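Chemist: A single structure is presented below for examination.
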Amino acid sequence: MKIGGLEIEGKYIMPAIAGYSDVGQRALAYRYGAALTFTEMISAKGLVYGSNHTADLLATTEAEPFKCVQLFGSEPEFIRRAVLHPAIKKFDLIDINCGCPVHKIVGNGEGSALLKDIPLLKEIVAAAAEAAAPRPVTVKMRLGFSKGELLSPAAAAAAEEAGAAAITVHGRRREDFYSGAVDLDGIRETKNAVSVPVFANGDIVDIASAERALEVTGCDGAAIARGALGRPYVFSELNGIPVRVNPGELVKEHFSMILKVYPERVATDMMKKHFVYYSKGVRGGKAVKAAAFAAKNASDLNEAAEMLSRQFLCENEAADCR
Ligand SMILES: Cc1cc2nc3c(=O)[nH]c(=O)nc-3n(C[C@H](O)[C@H](O)[C@H](O)COP(=O)(O)O)c2cc1C
């Protein structure tokens, strides 16, 4: 599939997930077959004003074949300056957030609030596309703002006119946040409004849900966010190659990757959040999770990862568990 000038392999991508789509999560998703992965959302203004926190979020590694950054903002000029910022030079693709439902973001006219002002959304995408060229700009959006409304077909068409090379649509409205059924018909109408590739998003966690979403919406691909947490190998399953992976070993790898980028204390705390997902469904996971949460340093966290690894082996491979 082509996203502007980028030729990607496969149709399943991992979108931005604030607090989770760090270097480790992205590297593992790519390893297991994600076609694209994104940094978490980065404030265009924060970047332009030089916030240190923002710089941390822009870390990438060589394990990422395509480096994709997601920016958010409500002012075309800040978006333009952010795209032109030296820290954004290394990225192969720039994604614009038009879906975030969080009060603070929406209150600033950012994220999903842009769906209520399609001319502004269009200006923002045009500013990004012009500054990013020849690199592609993509847009991630929801179906609308208030319950029942369908703004995304018009928003996607405006984004395409402004130069967007692909659209990802989460099949919910801002007012839904993350609950209620995903409206696949709304995604289909969005897909039908544009000629660039469209990725369906929302509650896709396995082959059955992916196939259903693609069949109903006619989308070119799908974006898997929460379904990839603790299960970066979901992309392998979706690509038809089911794998059995020891989550404890994944924790160790994921942790070692973020330890190379972040200070030990920060990386340990980041990994605790991921641990919740990696230990899901593993028998005895609760005790192991408690050990992870008590971790004060990398060595404690790795010990918890080893416990998780052994627990998994006991359950699955009849290892010596005495
Ligand atoms: C904790 C969390 C953080 C998120 N952060 C972002 C973000 O930074 N940018 C974005 O476009 N979407 C963000 N999302 C939305 C997801 O990318 C995705 O659209 C949504 O979770 C629905 O897909 P899923 O059911 O596959 O998780 C976030 C979602 C969650 C749960």
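Per-residue answers, yes or no, for (1) of a type in the set (S, T, N, Q); (2) closer than 24 Å to Val196 by Cα; (3) outside the structural domain of Asn201 (by TED's automatic domain parsing); (4) out of contact with any Lys or Arg (no Cβ under 8 Å at 6 or more places or on another chain):
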site: Ile8; (1), (2), (3), (4): no, yes, no, no
site: Ile17; (1), (2), (3), (4): no, yes, no, no
site: Thr54; (1), (2), (3), (4): yes, no, no, yes
site: Gly73; (1), (2), (3), (4): no, yes, no, no
site: Pro76; (1), (2), (3), (4): no, yes, no, yes
site: Ile79; (1), (2), (3), (4): no, yes, no, yes
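Chemist: Counting only residues that are over 20 Å from Val234 (Cβ atoms) and of a type outside the set (Asp, Glu), which one in the stretch 177-191 is surrounded by the fewest Cβ atoms within 10 Å (Cβ to Cβ)?
Modeler: Ser179
Chemist: Now for a different question. Take the stretch 100-129 and flag every residue that is within 18 Å of Lys45 (Cβ to Cβ) and not in a helix (DSSP H, G or I).
Modeler: Keep residues of the stretch 100-129 that are within 18 Å of Lys45 (Cβ to Cβ), which gives 100, 102-114, 117, 120-121, 123-125, 127-128.
Within the stretch 100-129, Cys100, Val102, Asn108, Gly109, Glu110, Asp117 meet the criteria.
Chemist: Sticking with this one: May I ask you to say which residue of Val139, Val83 is outside any helix (DSSP H, G or I), in contact (Cβ under 8 Å) with a residue 40 or more places away in the chain and buried (at least 22 other Cβ atoms within 10 Å of the Cβ)? Even if it seems obvious, please write down each step before you answer.
Modeler: Values: Val83 fails: outside any helix (DSSP H, G or I).
Unique residue meeting the criteria: Val139.
Chemist: Would you mention how many residues in the stretch 3-24 are within 12 Å of the ligand (Cβ to nearest atom), more than 12 Å from Phe235 (Cβ to Cβ) and not hydroxyl-bearing (Ser, Thr, Tyr)? Outline the logic, then answer.
Modeler: The initial filter retains those residues of the stretch 3-24 that are within 12 Å of the ligand (Cβ to nearest atom), namely 12-22.
Those still in the list that are more than 12 Å from Phe235 (Cβ to Cβ) too: 15-22.
Now restrict to residues that are not hydroxyl-bearing (Ser, Thr, Tyr): 15-19, 22.
Matching residues across the stretch 3-24 total 6.
Chemist: Next question. Considering Ala113, Ala63, Ala129, Ala87, which residue is modelled with pLDDT of 95 or more and in contact with a strand residue (DSSP E or B) (Cβ under 7 Å, 6 or more places away or on another chain)? Steps first, please.
Modeler: Details: Ala113 fails: in contact with a strand residue (DSSP E or B) (Cβ under 7 Å, 6 or more places away or on another chain); Ala63 fails: in contact with a strand residue (DSSP E or B) (Cβ under 7 Å, 6 or more places away or on another chain); Ala87 fails: in contact with a strand residue (DSSP E or B) (Cβ under 7 Å, 6 or more places away or on another chain).
None of the other options fit; the residue is Ala129.
Chemist: Across the stretch 192-216, what is the total count of residues that are assigned to a helix (DSSP H, G or I) and either away from the ligand (no atom under 14 Å from the Cβ) or surrounded by fewer than 24 Cβ atoms within 10 Å (Cβ to Cβ) (or both)? First the steps, then the outcome.
Modeler: Step one: filter the stretch 192-216 for residues assigned to a helix (DSSP H, G or I), giving 192, 207-216.
Still in the list and also either away from the ligand (no atom under 14 Å from the Cβ) or surrounded by fewer than 24 Cβ atoms within 10 Å (Cβ to Cβ) (or both): 192, 207-212, 214-216.
So the answer is 10.
Chemist: So, in the stretch 217-243, how many residues would count as being farther than 13 Å from Ile13 by Cβ, within 14 Å of the ligand (Cβ to nearest atom) and outside any helix (DSSP H, G or I)?
Modeler: 3
Chemist: Go through Gly148, Gly144 for me and flag whichever is crowded, with 19+ Cβ neighbours inside 10 Å and in the same structural domain as Ala63 (by TED's automatic domain parsing). Break it down into steps so the answer makes sense when it comes.
Modeler: Details: Gly148 fails: crowded, with 19+ Cβ neighbours inside 10 Å.
Within the list Gly148, Gly144, the selection yields Gly144.
Chemist: So, one more: Can you tell me which residue within the stretch 263-290, out of those that are out of contact with any helix residue (DSSP H, G or I) (no Cβ under 6 Å at 6 or more places or on another chain), within 21 Å of Arg244 (Cα to Cα) and outside any helix (DSSP H, G or I), is modelled with the highest pLDDT?
Modeler: Within the stretch 263-290, the match that is modelled with the highest pLDDT is Lys280.
Chemist: It is to be established whether one or more residues within the stretch 171-187 are of a type in the set (Val, Ile, Thr), within 20 Å of the chain's Cα centre (by Cα) and assigned to a helix (DSSP H, G or I). Break it down stepwise before answering.
Modeler: Going residue by residue through the stretch 171-187, those that are of a type in the set (Val, Ile, Thr) are 182, 187.
So of that shortlist, the ones also within 20 Å of the chain's Cα centre (by Cα) come out as 182, 187.
Right, trim to assigned to a helix (DSSP H, G or I) and you get 187.
Checked against the condition, which is being of a type in the set (Val, Ile, Thr), within 20 Å of the chain's Cα centre (by Cα) and assigned to a helix (DSSP H, G or I), the stretch 171-187 yields at least one hit.
Chemist: For the stretch 50-109, enumerate the residues that are of a type in the set (S, T, N, Q) and in contact with a Leu (Cβ under 6 Å, 6 or more places away or on another chain).
Modeler: To start, the set of residues in the stretch 50-109 that are of a type in the set (S, T, N, Q) comprises 51-52, 54, 60-61, 70, 74, 97, 108.
Result: Thr54, single match.
Chemist: Taking the condition over 25 Å from Tyr12 (Cβ atoms), surrounded by 13 or more Cβ atoms within 10 Å (Cβ to Cβ), hydrophobic (A, V, I, L, M, F, W, C) and in contact (Cβ under 8 Å) with a residue 40 or more places away in the chain, does Leu301 pass?
Modeler: Yes.
Chemist: From Gly148, Gly163, grab the single residue that is at pLDDT 95 or above, part of a loop (DSSP other than H, G, I, E, B) and either within 16 Å of the ligand (Cβ to nearest atom) or of a type outside the set (D, E, K, R) (or both). Full working, then the answer.
Modeler: Details: Gly148 fails: at pLDDT 95 or above.
When all the criteria are applied, what remains is Gly163.
Chemist: Here's a follow-up. Out of all the residues in the stretch 24-37, is one or more under 26 Å from Leu115 (Cβ atoms) and free of Cβ contacts under 8 Å to residues at least 60 places away in the same chain?
Modeler: Checked against the condition, which is being under 26 Å from Leu115 (Cβ atoms) and free of Cβ contacts under 8 Å to residues at least 60 places away in the same chain, the stretch 24-37 yields at least one hit.
Chemist: Right, something else. So which of Ala223, Ala291, Ala287, Ala267 ends up being in the same structural domain as Gly10 (by TED's automatic domain parsing) and small (Gly, Ala, Ser)? Full working, then the answer.
Modeler: Numbers: Ala291 fails: in the same structural domain as Gly10 (by TED's automatic domain parsing); Ala287 fails: in the same structural domain as Gly10 (by TED's automatic domain parsing); Ala267 fails: in the same structural domain as Gly10 (by TED's automatic domain parsing).
Exactly one residue qualifies, and that residue is Ala223.
Chemist: Run down Ala113, Ala156, Ala128 and say which single residue is within 16 Å of the ligand (Cβ to nearest atom), surrounded by fewer than 21 Cβ atoms within 10 Å (Cβ to Cβ) and at negative phi. Can you show your working first?
Modeler: Values: Ala156 fails: surrounded by fewer than 21 Cβ atoms within 10 Å (Cβ to Cβ); Ala128 fails: surrounded by fewer than 21 Cβ atoms within 10 Å (Cβ to Cβ).
One residue alone meets the criteria, Ala113.
Chemist: Follow-up question, since we're still on this one. What number of residues within the stretch 48-73 are within 16 Å of the ligand (Cβ to nearest atom), touching a residue at least 40 places away in the same chain (Cβ under 8 Å) and touching a helix residue (DSSP H, G or I) at 6+ places or on another chain (Cβ under 7 Å)?
Modeler: Looking only at that region, the number is 3.
The values are calculated or read from the model by the stated rules, or taken from the named source; none is laboratory data. Only a predicted model underlies this, so the values are computations on that prediction, with no experimental measurement involved. Using ideal geometry, Cβ is built from the backbone for each residue, glycine included, and neighbour counts are taken over all protein chains shown.
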